[in-house]
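Below you'll find the structure, written out as structure tokens, and then a few comments.
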Amino acid sequence: MPTKDEVFQKVRSTLVDALNVDEDEVTPSARLRGDLNAESIDFLDIVFRLEKQFGVKIPREELFPESIFQGDADFVADGKVTPKGLAELQERMPFADLSEFRKDPRLDKMEDLFTVDLIVNYLQRKLGG
Amino acid sequence: MRWLWIDRFTAFEPGRSAAAVKCLSHAEDHFADHLPGFPVMPAPLILEGLAQTGGILVGQAHRYEKNVVLAKMAAKFHREAFPGEVLTYTATAVDLGETGARVAGEARVGGELVAEADILFAFPTADQLPPDLPDTKFVFGGEMAQLLRQAESVAAGASGRPP
């Protein structure tokens with residue numbers, strides 16, 4: 001089983017290739033959109049590359065879900081994720097660290113959840129870590 | 001001008017690879033300006049041909065039921081291509097997914113490598129399309145239809161030569 005650092009090293013090289021960024025920009029806390037300028041199409045690219053790099057299958061909506069809140073109108077109110085929505089988010093993305101997001105769960109801040117560390121956590125769980 | 005940058009398929013293995021040819025002729029308007037006195041095939045049009053070869057490969061793998069759009073491309077060029085030459089495009093499926101596909105492409109003249117490209121296609125769903133674009137699998141309509149039929153016939157074992 002790879003260590004967290006081994007997973008991180010491979011994720012970093014994947015992101016360097018997919019996003020054309022420098023290695024030192026890819027820190028654990030770097031946000032894919034906010035810091036590494038990933039666009040929506042890059043998420044598809046990243047998933048393909050991770051599947052190859054780690055030999056895993058990443059089902060649609062698992063790592064980068066897009067439609068979590070579409071199932072229930074009670075998940076979001078006034079542009080904020082409700083407690084019910086947060087519970088759903090935690091359930092669907094157990095690999096995400098929601099502690100910061102809970103303080104100010106504005107929907108437009110949700111993209112900040114998608115950090116390099118989130119990918120590493122996801123893969124560690126996937127690989128049985 | 002018609003936006004078809006391949007002339008015909010010469011090989012088609014569904015879900016795996018496709019090969020197509022493009023004959024370059026002085027009669028094509030773009031050679032007049034690109035470049036004056038030194039006609040060479042514009043690089044973006046070589047990439048367009050490669051993308052059409054790869055796009056039909058991945059479109060066919062989903063029975064043309066998805067919108068296939070070119071999302072990302074990284075290319076490397078090795079030499080120019082000139083009027084009178086025949087470009088052979090090969091596209092090999094690297095990843096075929098539900099939301100997109102990756103294709104490795106090569107353009108050659110005879111045995112000589114002209115360009116290589118890594119091409120990422122996305123399959124936007126109806127709600128991901130721009131509001132003014134109907135969900136009609138637009139890429140595979142119109143003038144492209146004849147090429148699709150020709151690709152199917154090559155896949156079924158035809159030689160790729162005209163009848």
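The values are calculated or read from the model by the stated rules, or taken from the named source; none is laboratory data. No experiment lies behind these values; they were computed from the predicted model shown. Positions of Cβ are backbone-derived with ideal geometry, glycine not excepted, and every protein chain shown enters the neighbour counts.
Look through A:L123, A:L36, A:L113 and report the one residue that is buried (at least 19 other Cβ atoms within 10 Å of the Cβ), more than 20 Å from B:D95 (Cα to Cα) and under 16 Å from the mean Cα position of the chain (by Cα).
Numbers: A:L123 fails: more than 20 Å from B:D95 (Cα to Cα); A:L113 fails: buried (at least 19 other Cβ atoms within 10 Å of the Cβ).
Every option except A:L36 fails the conditions.
Of the residues making up the stretch B:106-122, those that are under 21 Å from B:K66 (Cα atoms) and touching a helix residue (DSSP H, G or I) at 6+ places or on another chain (Cβ under 7 Å) are B:I119, B:L120, B:F121, B:A122.
Screening A:N121 on (1) polar (S, T, N, Q); (2) in contact with a helix residue (DSSP H, G or I) (Cβ under 7 Å, 6 or more places away or on another chain); (3) farther than 24 Å from B:F121 by Cβ; (4) assigned by TED's automatic domain parsing to the domain that holds A:P2 shows it passes everything except condition (2).
The single condition among (1) exposed (fewer than 15 other Cβ atoms within 10 Å of the Cβ); (2) among the aromatic types (F, W, Y); (3) over 19 Å from B:F82 (Cα atoms) that B:F12 does not meet is (1).
Among all residues of the stretch A:37-49, there is at least one that is in a loop (DSSP other than H, G, I, E, B) and at pLDDT 95 or above.
Would you check if A:T27 is outside any helix (DSSP H, G or I) and either surrounded by 14 or more Cβ atoms within 10 Å (Cβ to Cβ) or touching a residue at least 60 places away in the same chain (Cβ under 8 Å) (or both)? The answer is yes for A:T27.
Within the stretch B:18-27, the set of residues being more than 10 Å from B:L87 (Cβ to Cβ) and surrounded by 16 or more Cβ atoms within 10 Å (Cβ to Cβ) comprises B:A18, B:A19. Quick check on this structure: which one of B:Y64, B:Y89 is hydroxyl-bearing (S, T, Y), within 30 Å of B:P124 (Cβ to Cβ) and touching an Asp or Glu at 6+ places or on another chain (Cβ under 9 Å)? Selected residue: B:Y89, the only one of B:Y64, B:Y89 that is hydroxyl-bearing (S, T, Y), within 30 Å of B:P124 (Cβ to Cβ) and touching an Asp or Glu at 6+ places or on another chain (Cβ under 9 Å). In the set (1) of a type outside the set (F, W, Y); (2) surrounded by 11 or more Cβ atoms within 10 Å (Cβ to Cβ); (3) farther than 27 Å from A:L19 by Cα; (4) in contact (Cβ under 8 Å) with a residue 24 or more places away in the chain, the condition left unmet by B:T99 is number (3). If you filter the stretch B:82-99 down to residues that are outside any strand (DSSP E or B) and within 13 Å of chain A (Cβ to nearest Cβ), you find that the one that is nearest to A:F48 (Cα to Cα) is B:G97.
Here the condition is being within 13 Å of the chain's Cα centre (by Cα) and not assigned by TED's automatic domain parsing to the domain that holds A:F8; of A:F43, A:F95, A:F69, A:F75, it holds for A:F95 alone. Residue count for the stretch A:39-81 under the criterion of being surrounded by 15 or more Cβ atoms within 10 Å (Cβ to Cβ) and among the basic types (K, R): the result is 1.
For residues that are assigned to a helix (DSSP H, G or I) and charged (D, E, K, R), scanning just the stretch B:21-60, find the one that is nearest to the other protein chains (Cβ to nearest Cβ). Checking each candidate, the answer is B:E48.
Of B:R102, B:R63, B:R79, which residue is more than 17 Å from B:M144 (Cα to Cα) and either within 13 Å of chain A (Cβ to nearest Cβ) or modelled with pLDDT under 95 (or both)?
Values: B:R63 fails: more than 17 Å from B:M144 (Cα to Cα); B:R79 fails: either within 13 Å of chain A (Cβ to nearest Cβ) or modelled with pLDDT under 95 (or both).
Just a single option satisfies the conditions, and that option is B:R102.
Yes or no, residue by residue, for (1) in a loop (DSSP other than H, G, I, E, B); (2) under 26 Å from B:P42 (Cα atoms); (3) modelled with pLDDT under 95; (4) over 18 Å from the mean Cα position of the chain (by Cα):
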{"position": "B:E106", "(1), (2), (3), (4)": "no, yes, no, no"}
{"position": "B:L113", "(1), (2), (3), (4)": "no, yes, no, no"}
{"position": "B:D132", "(1), (2), (3), (4)": "yes, no, yes, yes"}
{"position": "B:T136", "(1), (2), (3), (4)": "yes, no, yes, yes"}
{"position": "B:R149", "(1), (2), (3), (4)": "no, no, yes, no"}
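Yes or no, residue by residue, for (1) among the polar types (S, T, N, Q); (2) more than 27 Å from A:V16 (Cα to Cα); (3) surrounded by 15 or more Cβ atoms within 10 Å (Cβ to Cβ):
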{"site": "B:V58", "(1), (2), (3)": "no, no, yes"}
{"site": "B:N67", "(1), (2), (3)": "yes, yes, yes"}
{"site": "B:L70", "(1), (2), (3)": "no, no, yes"}
{"site": "B:A75", "(1), (2), (3)": "no, no, yes"}
{"site": "B:F82", "(1), (2), (3)": "no, yes, no"}
{"site": "B:G105", "(1), (2), (3)": "no, no, yes"}
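Checked against (1) within 14 Å of chain B (Cβ to nearest Cβ); (2) at pLDDT 95 or above, A:K10 passes all but a single condition, namely (1).
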